[in-house]
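Student: Attaching a single structure in C-alpha cells format; questions to follow.
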Amino acid sequence: IPHGPLHSVPFAALMGSDGSPVVREGGPILTQAPSATILVRHCWTAYGSADADVSCTAVGYNGLPGEPFYLRHAETEAQLVATITGGTALTGPAAKKSDLRQVATRSRWLHFACHAQFIGDEPLGSFLLIGAEDQLSAREIMAEWQLRSDVVVLSACETGVAKVLAGDESLGLARAFLHAGARAALVSLWSVMDRPTCLLMHRFYKEMGRQTF
C-alpha cells in the first residue's frame, strides 16, 4: 500500500541490479492497492468469476476523424479481445453508458480501448470516452457501479495516473474501478500509442487465454 512519495514509484516497472524486471515469471508477486480497505474488501475476495456469467465485455471507441485524440485501432482491439475471450464488443460512436453499467455487473473481465483523460485538478472527473459525447467518469463509477470483475483493463493513456489528496487518498480511474468491486486493474502510467497497444493487448489475451478463458 503506497504512502506519500511512494505513490509515484512504478513498482511493476522496476529493474533489479542485474537489469532484469523485479516482477517477472518465477520472481516475486506484487499486489498493489490504493488503500488497505480496498485490498481486503475487493482485491483479496474470492467472488469474481463465480458470480459473473459474461466472460468479457470489451468497449472500443476510436473517436471521430479529425479530432486530436482520434484513434485508428481501438475498436479493432475491442473486437479482437471479444473474439479471444468469447465475450461481447461494444464499439462505435453510439452512447453505451447506461447499457454498459448493467452488463458490467455480470462481466468477469472488462476491457476499455478508447481515449482517456486524467484531470489533475479534479481526479474524480477523469474519464473514459466510450462514445461520441459519452464520457464515463471516475466519480460515476465510484458512486453507481458494482462490479464482480476479476480484471478491468484500461487500455488507454495514463489510466493509472492518480492524485494523492490529504489523508493519503489516491484518486483516479484505477481507484474508481477497484472501489466499485474489481479485483484487479491493468492500467498505464504513460501515454501509449494506438497500434502497438492493440498488438500488445492481442498478445496479452492470447497468453491469458491458455489458462483462463
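Student: Of [x] 49, 38, 35; [y] 68, 42, 30; [z] 44, 41, 35, which is the value of Cα extents along the principal axes in Å derived from the coordinates here?
Tutor: Correct label, based on the coordinates given: [z].
Student: Let me ask another. Under 14 Å between alpha carbons, and skipping anything fewer than 8 positions from Lys97 in its own chain: which aspartates and glutamates qualify?
Tutor: Glu133, Asp134, Glu140, Glu144
Student: In the chain, which helices (entire DSSP H runs) extend 15 Å or more along their own long axis, judged by Cα positions, while averaging at least -0.5 on the Kyte-Doolittle scale?
Tutor: 74-85
Student: Right, another one. Roughly how many nanometres apart are two label points built 7 Å out from the Cα toward the Cβ at Met142 and Val192?
Tutor: With each label point 7 Å from Cα toward Cβ, the separation is 2.3 nm.
Student: Would you mind telling me the share, in percent, of accessible area of the chain contributed by carbon and sulfur at probe 1.4 angstrom?
Tutor: 54 percent
Student: Rank Pro93, Pro68, Pro28 by mean-square fluctuation in a GNM of the chain with C-alpha springs under 10 angstrom and give only the top-ranked residue.
Tutor: Maximum among the listed residues: Pro28.
Student: Could you report the chain's accessible area per residue, 1.4 Å probe, as an integer in Å²?
Tutor: Using a 1.4 Å probe on heavy atoms only, each residue of the chain averages 53 Å².
Student: Sum up the charges of everything whose Cβ sits under 9 Å from the Cβ of Val151, counting Lys and Arg as +1 and Asp and Glu as -1, but leave Val151 out.
Tutor: Computed value for this residue: +1.
Student: Here is a further query. Around Ala95, under 10 Å between beta carbons, what's the net of Lys plus Arg minus Asp minus Glu among the other residues?
Tutor: Details: positive: Lys96, Lys97; negative: Asp99, Glu133, Asp134.
That sum, taken over residues with Cβ under 10 Å, equals -1.
The values are calculated or read from the model by the stated rules, or taken from the named source; none is laboratory data. On a predicted model such as this, the values are computed, not experimentally measured, just so you know. We place every Cβ from the backbone using ideal geometry, glycine too, and count neighbours over all the protein chains shown. We work out accessible area using only protein heavy atoms, side chains counted, and drop any ligands, DNA or RNA first. Shrake-Rupley method; radii C 1.70, N 1.55, O 1.52, S 1.80 Å.
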